[in-house]
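Everything on this sheet refers to the single structure shown next.
What follows draws every value from the coordinates through simple rules; no lab data is involved. Bear in mind the structure is a predicted one, so any value in this text is a computation, not a measurement. We place every Cβ from the backbone using ideal geometry, glycine too, and count neighbours over all the protein chains shown.
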Amino acid sequence: MKKIYFIASSVAIALFTACQDYNTTNFPELIGAGPTNVVSYTYSLTDADYTSIATAVKKPVNDSITTYKALLKTANRTDSIVLNASINRLTTKLTTDSVYIKANYVGNNKILNSNLKGKDYLPFLFNQKYIYADKGSVIKVTYNNVDNGDTLSIPATSRFILTDVDYIQMGTGTNQPGQYKEMSSTMSSVITYLNSYLKIKCPYAVAGDVKVVSYLFYDSNKIAKKQYRILSFDGQNWGSIVEQYIYNGKEWVYDPTITLPLVRVSGNNPYIMKFIDYIRTNTPEKFFQKGTYINEEHYYGFSAYYAEIIYTNDRTTYGDAAIKALTTDADKYVLFKKRVAEAMPLFTQLNFPDLKTDVSGIQQYVVFTIISYYSSSKSGLYTIKMKCIKSGTGTTPAEYEVVNITETL
């Protein structure tokens, strides 16, 4: 019997080895790879989700209370005294500890803000909602994000403050803004009102436009306070800024990647102008117009008046000898694109000098999008991904390298 078992085992090993050799030769990409579930989610928080976040934050304490109450059923007198004391202590903690007070505020008011940051609270929800994802999966999430974000780059003409008239026009019924001339935690969706408001105020908005709206908010603590929201236009509606979270193999964590559309604003785009002005001051030989800003006035092709990179042949009239020396459009475009790759590490450094290489172990990236302009009938969209390779220290700016540059025509 042992001999038969040995022969059968040898045959099985031979067959397995043969299969391995065949697969290694013909399907090398499958070797060592098991089933994966690397996915990309797009999600907008519902009112119920804010309650779920608060519940998840308080779960360890509530679970302990439940356990102690179960033990009470069979406990003797001495143990009951100890268990009841523990239950009372934990119950008090839920109403006095700032961690749980803040969690209740999130759940009651259905918002996150500069003090109650998404990166600190959203993982509680995602670690319950998306438990079967694999490392590298991402969630792009939209939520009620107030009093948070960069407003310095948004011009005054893109900032709005709601007036009494504005609130009244939104409705004067129960739990409508005009009832008390304010927004409140009892409203089903503040963003719905702000979306309608901006559609009236900005009828000619284009995708990528960004506005700030300030208003009065009456919260669950019965306190009226000023709030603002940064809203972006997707071509149809105004909505909150999107954040991204990533699964690190153990849990969902905030993805610090900064995504910045370089779009035209009222006046010059401040990110682009910071780069153009640097070139003008520090490498004047690469700034072809010595006086007034024109358009494609420098070596790298960023425009002072349009949020785009100029690829038109008329750049040769601005003193760009290297472009002028080339005889075909194809050769010129190769040089244009090479210069974009050359420009972006400095461009990113000037605009984000203080970033660190990682946030909580997650690599820091900056992703820019910008139009590539060829002619009135042809344009594309660049997506430029930059990686922070050296942290900014306050006295020394961060350093960056290009990860990839893709163009969609």
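In this structure the amide hydrogen of Ser303, modeled in the peptide plane, comes within under 5 Å of the amide hydrogens of Glu308, Ile310, none closer than 5 places in sequence on its chain. Kirkwood analysis of region 234-285, using all unique Cα-Cα pairs, places the hydrodynamic radius at 14.8 Å. Residues considered: Asn88, Asn108, Asn221. Largest GNM mean-square fluctuation over the chain, using C-alpha springs under 10 Å, is found at Asn88.
The lysines whose alpha-carbon is closer than 25 Å to the alpha-carbon of Lys286, local same-chain residues fewer than 8 away aside, are Lys274, Lys324, Lys332, Lys337, Lys338, Lys385. Think of the chain as a dipole: +1 on every Lys or Arg Cβ, -1 on every Asp or Glu Cβ, centred on the Cα centre; then among Ile405, Ala341, Ala156, Ala156 lies furthest on the positive end. Shown in residue order for region 334-351 are the 3J(HN,Hα) couplings computed by the Karplus curve 6.51 cos²θ - 1.76 cosθ + 1.60 at θ = phi - 60°: 4, 5, 3, 5, 5, 5, 4, 4, 5, 6, 5, x, 6, 4, 5, 4, 5, 8 Hz (x for Gly and Pro). Remark: spin-label model distance Thr383-Tyr305 equals 3.2 nm, labels positioned 7 Å along the Cα→Cβ axis.
Here the Karplus relation 6.51 cos²θ - 1.76 cosθ + 1.60, evaluated at θ = phi - 60°, turns the backbone of region 219-230 into coupling constants of 8, 5, 8, 6, 10, 8, 9, 7, 10, 9, 10, 8 Hz, with x for every Gly and Pro. For Lys250, a cut-off of 15 angstrom between C-alpha atoms picks up these aspartates and glutamates, skipping any fewer than 8 places away in its own chain: Asp134. Here the extension length gained between Ser64 and Val99 equals 10.9 nm, from 0.36 nm per residue of separation less the Cα-Cα distance. Couplings 3J(HN,Hα) for region 77-91, derived from phi with the Karplus relation 6.51 cos²θ - 1.76 cosθ + 1.60 (θ = phi - 60°), are 4, 5, 5, 4, 4, 5, 5, 5, 5, 5, 4, 5, 5, 5, 5 Hz, where x marks Gly and Pro.
Between Val402 and Gln244, full extension at 0.36 nm per residue minus the direct alpha carbon distance yields a gain of 54.8 nm.
The candidate values were (1) 33; (2) 25; (3) 49; the one computed from these coordinates for percent of Cα pairs over 35 Å apart carries the label (3).
Projecting the Cα atoms of Ser232, Ala304, Leu125 onto the charge dipole of the chain (Cβ charges, centred on the Cα centre) puts Leu125 farthest toward the positive pole.
Summed over qualifying helices (DSSP H, 4 residues or more, each -39500 (n - 2.57)) and divided by its residue number, the chain shows a 222 nm mean residue ellipticity of -12500 deg cm²/dmol. Site pair Lys201 and Ala48 shows an inter-label distance of 3.3 nm when each label is modelled 7 Å from Cα along Cα→Cβ. Counted by neighbouring Cβ atoms within 10 Å, the residues Ile241, Ile191, Ile200, Ile370 run from fewest to most as Ile200, Ile241, Ile191, Ile370. Spin-label pair Tyr278-Thr92: with each label point 7 Å from Cα along the Cα-Cβ axis, the two points sit 5.6 nm from one another.
Using a cutoff of 8 angstrom between alpha carbon atoms and counting only pairs six or more residues apart, the relative contact order for region 78-206 works out to 16 percent. Under a model in which nothing but the beta-carbon of Lys, Arg (+1) and Asp, Glu (-1) is charged, the chain shows a dipole of about 1060 debye around its Cα centre.
Centroid-to-centroid, using Cα positions, region 239-259 and region 133-209 are 22 Å apart.
Globularity index of region 270-408 is 1.09 (Cα radius of gyration / 2.2 N^0.38 Å, N = number of residues).
For Tyr41, the residues whose amide H sits under 5 Å from its own are Val138, Ile139, Lys140, ignoring neighbours fewer than 5 places away on the same chain, with H placed 1.01 Å from N.
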